[in-house]
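Only one structure is covered here, and it is reproduced in the block below.
The values are calculated or read from the model by the stated rules, or taken from the named source; none is laboratory data. Quick caveat: nothing in here was measured; it's all calculated off a predicted structure. Don't worry about glycine lacking a Cβ; one is built from the backbone with ideal geometry, like all the others, and counts go over all protein chains shown.
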Amino acid sequence: MAQANLPEPEQLALRILRGERAAVAGGLNLLDNKLPEARNRSARLLAALSGERALNDGHLVGVTGPPGAGKSSLVSAMIREWRLAGRTVGVLAVDPSSRPELGGGALLGDRIRIKNSSHDDGLFIRSLANRNQLGGVATEVWPMSWLMLACFDIVVIETVGVGQTEIDIAEIGDTVCYVAQPASGDTIQYLKSGIIEIPDIFVVNKSDIGAAARKTASELGRSAPRPDRRDDWDYPVCLVSATMNTGIRQLNEHFDRHRKYLVGADLLGTLRARHQSGWVVRLLKEEFGTFGLELIGGCAAVGERLGENQHRQFEEYERMRKHILSRFMSASQPSSLTKGAS
Amino acid sequence: MDSVQTKRDRPWLMRTYSGHSSARASNALYRTNLAKGQTGLSVAFDLPTQTGYDADSPLARGEVGKVGVPISHIEDMDQLFDQIPLDQMNTAMTINATAPWLLSLYIGLAQRRGIDPKKLSGTTQNDIIKEYLSRGTYIYPPGPSMRLIADTINYTVKHVPKWNPTNICSYHLQEAGATPVQELAYALCTATAVLDRVQASGEIRPEEFSQVVERISFFVNAGIRFVEECCKLRAFGEMWDELTLTRYKVADPKLRRFRYGVQVNSLGLTEPQPENNVQRIVLEMLAVALSKGARARAIQLPAWNEAMGLPRPWDQQWALRMQQVLAFETDLLEYEDILDGSPVIAAKVRQLVEGARREIENVEAQGGIIAAIESGYVKRELVASHMQRLRAIESGELKIIGVNCFQETAESPLTLGSDGGIMKTDPAAEREQIERLQAHRKKRSEADVQAALQGLSDAARSGDNIMPSSIRCALAGVSTGEWGDSLRAVFGEFRPPTGIDIAIDSRAVLGKKDQVTDLRARVASTGAALGRPLKLLVGKPGLDGHSNGAEQIAVKARDVGFEVVYDGIRLTPQQIAQAAEEEGVHMVGLSILSGSHMELVESVLQELRSRDLASVPVIAGGIIPQEDATKLAALGVSAVYTPKDFNLNTIMADMVDVIRHANGLERLGQLP
Ligand code: B12
Ligand SMILES: Nc1nc2c(ncn2[C@@H]2O[C@H](COP(=O)(O)OP(=O)(O)O)[C@@H](O)[C@H]2O)c(=O)[nH]1
Ligand SMILES: [Mg+2]
């Protein structure tokens, strides 16, 4: 049954590297699959895909902001420019799931906003439900974006973030862009919370509606800098209109400029490595709690082990996971015995 | 008997909504209908014509001449009205995004026949707001679309004064699930948006604005709760009178009259025991005829076989005869308003007016109807109302005879004929229309066509009224697709929000509670067995705009735990297959009500196979005759659902089993 259909990871990786759409789709399905055998193959797939590229190539762009701010419309406009310039784009669009007690289903409606009507082989969109994980970002984003990075020039991750926590924005990309809704309560809230300093680029969308958008943009420009601000990056604020297609090319130039800045300052590789260990820590914590994490020596040990094995992070993660699992199993043996007796 | 002397009111205009296959076939139908006593025409266009594509456009494949008549250029229009005197006919055209174009063809034809356009009377539906919300034949974004409406109003008020340039529609809102209050509120908001836009155009002198207000007519629905519906129409009258007086300062009460035409409710007409639809239609007609003060100006009725497929001439004749019996045999038209003075009626009217006022204020607070469409608010309200309706049917709270109660029936002789009791359109129609169009293109002067199209683009860009250049295009032999594309190039295209992103209402029971709990467990355990949550693509291929079924299936699937991808209407088979691939879904569910299911399902299957997705099960739903369902099964479709499958829980359980079967898991069978 289902397992028999799982693809051979190494072969699949070759096809993905050649940019075959069916293979990309199949790879994403595999990474989504939580059956034990699929997990093993996922680790092999990512190992076969990575190498230098995962650390130094491509551009992972995170786009976040409140619902309705126009993220999907904006991503669509950005893609139009990128495609005109001949760059290929992969998109992961994350939408919220309903609560588990309400069935945990999800409506994934971003595709059509993002996609222009014409057929385009250089664009690939996968929608994802966040499955109530990690403050809005699906855990699948990490392996999936890694896969996409292997075959697209630019990978965009759209997530809903209201700006209440740092996780939902900080670690989703090399360059993180926050899209603000003009004159919305959310934005004001966001300004006050200070998290405003995390995104590398701010966008105020819907400039076509006029004064409200300009006002929000100027408020953002004036907000106070945070201590961990990077002095050599200018944190631009862009006023754009996704629907009127104004300001988009300039915005895309900021993305390129930010990537160049990261490479120039020798930050790209370390940033990706740091983000990845951040993901691993959170994944393990979510599955096993702090106690589980301690069983392999805590956050610091995770960072160290990943650092030693930069190209095979997912495999390393699977190893740590299995390790914790086996410790849990042996720890729970006696209790299952008592269970059997009752 | 003294009834012989009694003065009777003149009956309303009697029409049947019709058109199919070709201009020639439709013309023959119109002439027989008129001979049977029909007093006006109501033209149904095919979907390519409604969405501005030529018959030979790839997007028109399978749709030409299916649900209406294809009109590609002025020669088709000429043939459609062959031997029908335009200056004596009252012609209603259900046309919206391309309304300025079809009106231009009509005016152009009149000019060619030497008829003064001032003598033309009739209606272009021309209400784009409800297209975004329900009907689905939109093309351009709201801004340019509203401008096109304003242009036709400004033009006809001056040059075709007997024409109703726009028919504000609440009909289609009810067909998408709207309650009477929602119908009142959104239709009146739409009317204000249109009038405000005309006012803002500055083309009409203030002292002449009353005439514009007077030309606004409405197209309304009447459902089976006929007492409430009758009150709704009285409420419409009151509210319109007040609105036109206070907002537009129309002093003459005659110019403030709420003028409306009706098609009675079709959403409630059933596939099982279809003969019962006759009672429903007659009762619904009472709602719009009973009260003289709120009586319809024009009525068209659906046929008994509405939920099965297109009506045949005999079915339409039966519907026409219902009107004639009410108008000519009963004594209804001998009386003044028989409901005036009833405190019960007055109280109900007040309740509706108050509810509608609140919702209008709500929409105004959001920046008006257009903002509330762009944000998805109104569409979500409609989807939610429709969901409530389906839940009530499922729970039995809302009784539908023959569907969720009194299902026992003898075999109906009506459906036994070799045609299955429905109209089959001419399968050669598409090819013939394409040949006609291609021959027409060869005959016309290319220079004239190019000059006319240039004039059209210039007007679109400069903001000049679109009508004069469109009439020039009509006379030059421009085609429907050329007109549509020229404006697409200037205005762009638009897709409104799907409205399915409504919250799960955790208080209300989703169908039968225990069944929903059970379903959620089935979805979750099947997902777990397959390694990831079940993911479903709901697809609407082709030009079909019937979104109700797809929306409700999508929302319900989400409610029981599916991850659902639904991208709205009017997608190509290629787009759907590509989405299935990129999204990695476990199943593709297609919804097709336009009658083009054979062509469309086959191309989706082909596109899936070419992407190596032959193992992804495909199911289909909509208006699909049994004969075709069998053929679809032979092509590899796993299941077919039609309106008789009203129980969404049952459908969901079945869907889970289709996925299980396709993946080698054991079926779980029916819900307890
Ligand atoms: C409501 C309605 C409309 C509404 C649609 C509103 C909307 N946004 O959906 C309005 C008024 C806009 C409309 C317009 C038109 N309509 Co209409 N409409 C109907 C009507 C009355 C009901 C359809 C409906 O919504 N039912 C309720 C939903 C919930 O049921 P359903 O879609 O059948 O879905 C159920 C099952 O079929 C199944 N199902 C359906 N899809 C799927 C998908 C999956 C995955 C699954 C699992 C199940 C499933 O499950 C659902 C639950 O029971 C039917 C006749 C009828 N009584 O069925 C005509 C009908 C479909 N319309 C028809 C026509 C011709 C038109 C027009 C094209 C006319 C014209 N020439 O302009 C227009 C244009 C529409 C367009 N753009 O395509 C014809 C189609 C003829 C044919 N197939 O041969 C019909 C059959 C009427 C008739 N007899 O003439 N219409
Ligand atoms: N006026 C205006 N509306 C926009 C713009 N961008 C998006 N919108 C609208 O905002 C709404 C939400 O857009 P969407 O891209 O789905 O937002 P998301 O939820 O952030 O992904 C839609 O109705 C869009 O049409 C813009 O630049 N100007
Ligand atoms: Mg979005």
Residues of segment A:83-98 being facing chain B (nearest Cβ under 8 Å) and either charged (D, E, K, R) or surrounded by fewer than 23 Cβ atoms within 10 Å (Cβ to Cβ) (or both), which ones?
A:Ser98
Could you please tell me which pairs satisfy a Cβ distance under 9 Å, a separation of 6+ or placement on different chains, a first residue in segment B:167-190 that is part of a helix (DSSP H, G or I), and a second residue that is within 16 Å of ligand 2 (Cβ to nearest atom) and of a type in the set (D, E, K, R)?
B:Gln182/B:Glu381; B:Tyr186/B:Glu381
Filter result (out of contact with any Phe, Trp or Tyr (no Cβ under 9 Å at 6 or more places or on another chain) and without any contact (Cβ under 8 Å) to a residue 60 or more places away in the chain) within segment B:528-553:
B:Ala528, B:Gly531, B:Arg532
Looking at (1) of a type in the set (A, V, I, L, M, F, W, C); (2) touching a Ser or Thr at 6+ places or on another chain (Cβ under 6 Å); (3) surrounded by fewer than 20 Cβ atoms within 10 Å (Cβ to Cβ), which is the one condition that is false for B:Val250?
(3)
Residue in segment A:16-44 that is nearest to the other protein chains (Cβ to nearest Cβ), counting only those that are over 20 Å from the mean Cα position of the chain (by Cα), charged (D, E, K, R) and part of a loop (DSSP other than H, G, I, E, B)
A:Glu20
Looking at B:Glu397, B:Glu381, which is the one that is farther than 21 Å from B:Gly309 by Cα and in a loop (DSSP other than H, G, I, E, B)?
B:Glu397
Which listed residue is more than 27 Å from the chain's Cα centre (by Cα) and of a type in the set (D, E, K, R), from B:Arg389, B:Arg431, B:Arg380, B:Arg441:
B:Arg441
Scope segment B:634-649; condition within 14 Å of B:His597 (Cβ to Cβ), more than 8 Å from ligand 1 (Cβ to nearest atom) and surrounded by 18 or more Cβ atoms within 10 Å (Cβ to Cβ); matching residues
B:Val637, B:Val640
Hey, B:Thr517 modelled with pLDDT under 95, within 13 Å of chain A (Cβ to nearest Cβ) and in a helix (DSSP H, G or I) or not
yes
Across segment A:101-125, the tally of residues that are in a helix (DSSP H, G or I), of a type outside the set (A, V, I, L, M, F, W, C) and more than 9 Å from chain B (Cβ to nearest Cβ) stands at 0
Do we find that B:Gly621 is more than 14 Å from chain A (Cβ to nearest Cβ) and farther than 21 Å from B:His546 by Cα in this structure?
no
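For every residue, the table says whether it meets (1) surrounded by 15 or more Cβ atoms within 10 Å (Cβ to Cβ); (2) aromatic (Phe, Trp, Tyr); (3) closer than 17 Å to B:Ala99 by Cβ.
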residue	(1), (2), (3)
B:Ala447	no, no, no
B:Ala452	yes, no, no
B:Asp464	no, no, no
B:Pro468	yes, no, yes
B:Ile471	yes, no, yes
B:Leu475	yes, no, no
B:Gly481	yes, no, yes
B:Gly484	yes, no, yes
Top-ranked residue in segment A:47-100 [being among the hydroxyl-bearing types (Ser, Thr, Tyr) and touching a Lys or Arg at 6+ places or on another chain (Cβ under 9 Å); ranked as farthest from ligand 3 (Cβ to nearest atom)]:
A:Ser50
Which listed residue is surrounded by 23 or more Cβ atoms within 10 Å (Cβ to Cβ) and assigned by TED's automatic domain parsing to the domain that holds B:Val157, from B:Asp54, B:Asp78, B:Asp87:
B:Asp54
Residue check, B:Gly309 at pLDDT below 95 and not in a loop (DSSP other than H, G, I, E, B):
no
If I filter segment A:69-81 for residues that are more than 16 Å from ligand 2 (Cβ to nearest atom), within 12 Å of chain B (Cβ to nearest Cβ) and either among the polar types (S, T, N, Q) or in a helix (DSSP H, G or I) (or both), do I get at least one hit?
no
Is it the case that some residue within segment B:40-50 is modelled with pLDDT of 95 or more, under 19 Å from the mean Cα position of the chain (by Cα) and of a type in the set (Asp, Glu)?
yes
Could you go through segment A:51-66 and let me know if any residue there is within 14 Å of chain B (Cβ to nearest Cβ), outside any loop (DSSP other than H, G, I, E, B) and either in contact (Cβ under 8 Å) with a residue 40 or more places away in the chain or closer than 24 Å to B:Glu563 by Cβ (or both).
no
Mind listing whichever residues of segment B:334-378 are within 16 Å of ligand 2 (Cβ to nearest atom) and part of a helix (DSSP H, G or I)?
B:Val363, B:Ile369, B:Ile370, B:Ala371, B:Ala372, B:Ile373, B:Glu374, B:Tyr377, B:Val378
Check whether at least one residue in segment B:80-96 is part of a helix (DSSP H, G or I) and not β-branched (Val, Ile, Thr), and report yes or no.
yes
For segment B:550-572, enumerate the residues that are crowded, with 23+ Cβ neighbours inside 10 Å, away from chain A (no Cβ under 11 Å) and not β-branched (Val, Ile, Thr).
B:Ala550
Unmet requirement for A:Gly86, which otherwise passes all of (1) away from ligand 1 (no atom under 16 Å from the Cβ); (2) modelled with pLDDT of 90 or more; (3) touching a helix residue (DSSP H, G or I) at 6+ places or on another chain (Cβ under 9 Å):
(3)
Whichever residue in segment B:530-549 is away from chain A (no Cβ under 12 Å), within 16 Å of B:Tyr641 (Cβ to Cβ) and in a loop (DSSP other than H, G, I, E, B) and, among such residues, is nearest to ligand 3 (Cβ to nearest atom)
B:Ser547
Within segment B:103-148, residues in a loop (DSSP other than H, G, I, E, B), under 19 Å from B:Pro161 (Cα atoms) and touching a helix residue (DSSP H, G or I) at 6+ places or on another chain (Cβ under 8 Å) come out as B:Asp116, B:Leu120, B:Gln125, B:Asn126, B:Asp127
Just give me the residues in segment B:597-612 being surrounded by 21 or more Cβ atoms within 10 Å (Cβ to Cβ) and either within 14 Å of another protein chain (Cβ to nearest Cβ) or polar (S, T, N, Q) (or both), in sequence order.
B:Leu608
Residue count, segment A:50-64 (criterion: at pLDDT below 85 and within 11 Å of A:Val179 (Cβ to Cβ)):
0
Residue list for segment B:149-175, restricted to those being buried (at least 23 other Cβ atoms within 10 Å of the Cβ) and over 25 Å from B:Gly499 (Cα atoms):
B:Ala150, B:Asp151, B:Thr152, B:Ile153, B:Tyr155, B:Thr156, B:Val160, B:Trp163, B:Asn164, B:Pro165, B:Thr166
Listing of helices (runs of 4 or more DSSP H) fully contained in segment A:236-340 that carry 1 or more residues being within 30 Å of A:Ser73 (Cβ to Cβ):
A:248-264, A:268-295
